[in-house]
1. Could you grab me the full set of residues in the range 101-126 that are buried (at least 18 other Cβ atoms within 10 Å of the Cβ) and farther than 27 Å from Ile72 by Cα?
2. Conditions first: (1) within 20 Å of Ala63 (Cα to Cα); (2) crowded, with 18+ Cβ neighbours inside 10 Å. Ala147 passes all but one, so which condition is the exception?
3. List, please: which pairs have Cβ atoms under 9 Å, are six or more places apart or on different chains, and start with a residue in the range 36-47 that is under 20 Å from Gly107 (Cβ atoms) and end with one that is surrounded by fewer than 11 Cβ atoms within 10 Å (Cβ to Cβ)?
4. Out of the strands (runs of 3 or more DSSP E) lying entirely within the range 70-177, which hold 1 or more residues that are of a type in the set (Asp, Glu) and more than 23 Å from Ile213 (Cα to Cα)?
5. Could you list all residues from the range 83-106 that are farther than 22 Å from Phe149 by Cα and touching a strand residue (DSSP E or B) at 6+ places or on another chain (Cβ under 7 Å)?
6. Residue under question is His94, and the condition is that it be closer than 25 Å to Gly155 by Cβ and at pLDDT 80 or above; does it hold?
7. Among the residues of the range 52-79 satisfying the criterion of being β-branched (Val, Ile, Thr) and out of contact with any His (no Cβ under 8 Å at 6 or more places or on another chain), which is modelled with the lowest pLDDT?
Amino acid sequence: VMRTFRRAESERPLLSPAKSSILRASLIRANACRFADRYDVQKPIGEGTFGRVHRCVDNLGRASRAVKRIPIPEDTERHAALKVEVAALVMLDHPHIVRLIEYFVEGNELLLVMELLQGPSLGYRMQEIGRFPEELASRCVRHMLKALFCCHCQGIAHNDVSPENFRFQTEQLHSSLKMVDFGLSAHCLRSQSQPQLAEGDGGSILFAQEHDIWGAGVILFAMLSGTELFPQVSSADPCTCHPAGGPVAHLAR
């Protein structure tokens, strides 16, 4: 995993992530128009604890998009954390990270308009295929690590690296894999239990970034072996068995 990550580090784009994020942040702003005037909402395509995702169509260009609706927290601290996370999402610009097109703030709701991905999640593919061929597993983990590298360059820790948070761009098995969830609401809820992350402590952020890489390694093991590394642990939280936080199976060593 670390060899692949170092390879991702060496494949830097011509425009560095820092410069790219500055250009992107200068272009994306909260849309002053009403969301209903710009987009036609269609069927729901996903629903989580903190936000619903619908398919929508741009009334101007007729392009299909995805919109995630997030209730704005009333708590001042959580509201501020959500604003910080949206600013981070605006800055992230990478081929393996789902692209934020624009966003709307209407009443007590935040609407994030993103590119629409037609493919299934990595978790679905893992259940469907079982044991991945080495070439496919290598391709997937390379896409994951490149996305994480972009996040880490911006001082961002994903904190929830799991197969469900990566989705294929199309139904094709070898299509591009993209990170689709940055834990916007999850970060707000974790700010109470992990205030050091909310405050941006350098050491804590570095530790969280190490957890990101560990999570990618857990997924790589599952893809190559066809089995879970920690069957007793929820697949959505593989980092609970990080060497610094709990016992590691002998096979993992």
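1. Matches in the range 101-126: Gly119, Leu122, Gly123, Arg125, Met126.
2. Every listed condition holds for Ala147 apart from (1).
3. Arg38/Leu60
4. Values: elements: 100-106, 109-115, 166-168.
By residue number, 100-106, 109-115.
5. Within the range 83-106, Glu102, Tyr103, Phe104, Val105 meet the criteria.
6. yes
7. Looking at the filtered set, the residue picked out is Thr76.
The values are calculated or read from the model by the stated rules, or taken from the named source; none is laboratory data. In this text, all values refer to a predicted model and were calculated from it rather than measured experimentally. Virtual Cβ from ideal backbone geometry, glycine too; neighbours counted across all protein chains shown.
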